[in-house]
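Shown next, in structure tokens, is the structure this report addresses.
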Amino acid sequence: MTPDINSLRESLSSGELIILSHKSHHNGAGRGIFVGVAALLHEDLASLMAIEGRGLLSIALDERTAFRLGLRTMECNSSHNSSRPEYLKSIEAASCNGTGISAADRALTIRTAGSQIATANDLVTPGHVMPIVIRKPFSLDETLISGAHQLINDLTPYDVITCCDILDEKGEVGTSAYCQSLAKKLDLPFVEIESIRSLLLKGKSTQFNRSMMHNNQEINSWVA
């Protein structure tokens with residue numbers, strides 16, 4: 001059963017993780033990701049995502065926020081005008097004194113990138129966290145990361161999310177059934193993206209339109 005919107009808002013705004021699933025992905029078997037507010041991520045939850053999810057810890061953000069943080073596209077990626085989510089150059093918190101790979105260090109980097117007052121001076125490249133830029137409004141045909149970003153933008157005052165793909169014990173993509181079982185094991189809210197379609201689609205006229213209003217000439221200056 002999908003949690004109600006108020007419960008989701010409370011969970012996300014208090015720094016908790018949820019598991020978001022898209023049941024029609026992966027040839028109908030579905031898949032899922034851990035999702036949370038980047039600015040609120042702590043070491044224990046970064047560790048939980050890495051251990052239980054087995055995927056790459058990432059952040060997702062819109063174009064305007066990526067520009068504010070000074071993030072850059074990869075030289076090998078020639079599709080920077082694509083409407084699909086796109087990985088940018090890896091990052092590390094400038095204040096990180098460790099190797100950057102520990103759960104504590106990655107949580108610090110993610111929190112730093114998620115801060116609403118962070119600038120390009122707060123991050124360095126390369127690092128151990130991968131940013132993903134979301135370039136267009138969410139639709140159910142798009143990726144889970146787009147939907148996760150839209151959900152957090154609609155329910156919280158934050159504009160950067162943290163996410164991690166969920167793999168099963170064999171290292172294969174975790175099905176929706178596997179993700180639901182994992183959510184129960186970890187006592188986390190489990191949300192099927194299809195069940196909150198109306199909430200996600202309404203955001204087309206809010207957060208993303210604000211991003212689109214940002215000066216296109218500035219956005220294009222990302223390209224390395």
Would you calculate the separation in nanometres between label points at Asp4 and Ser181, each defined as 7 Å from the Cα along the Cα-to-beta-carbon direction?
3.1
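State the extension gain, in nm to one decimal, for the chain segment bounded by Met74 and Arg197, taking 0.36 nm per residue of separation less the distance between their alpha-carbons.
Details: separation 123, 0.36 × 123 = 44.28 nm, distance 3.21 nm.
Length gained between Met74 and Arg197: 41.1 nm.
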Taking the simple approach of a point 7 Å from Cα along Cα-to-Cβ for both Ala104 and Met130, what is their distance in nm?
2.6
So what's the net charge close to Leu57: Lys and Arg +1, Asp and Glu -1, counting the other residues with Cβ under 13 Å from its Cβ?
-2
Please give, to one decimal in nm, the separation of the simple spin-label points placed at Ser95 and Ser47, each 7 Å out from Cα toward the Cβ.
2.1
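Read-outs: derived from the displayed coordinates by stated rules, not from any lab. Bear in mind that the values here come from a model prediction, so they are computed numbers and not experimental data. Counting neighbours? That spans all protein chains shown, and the Cβs are built from the backbone with ideal geometry, glycine included.
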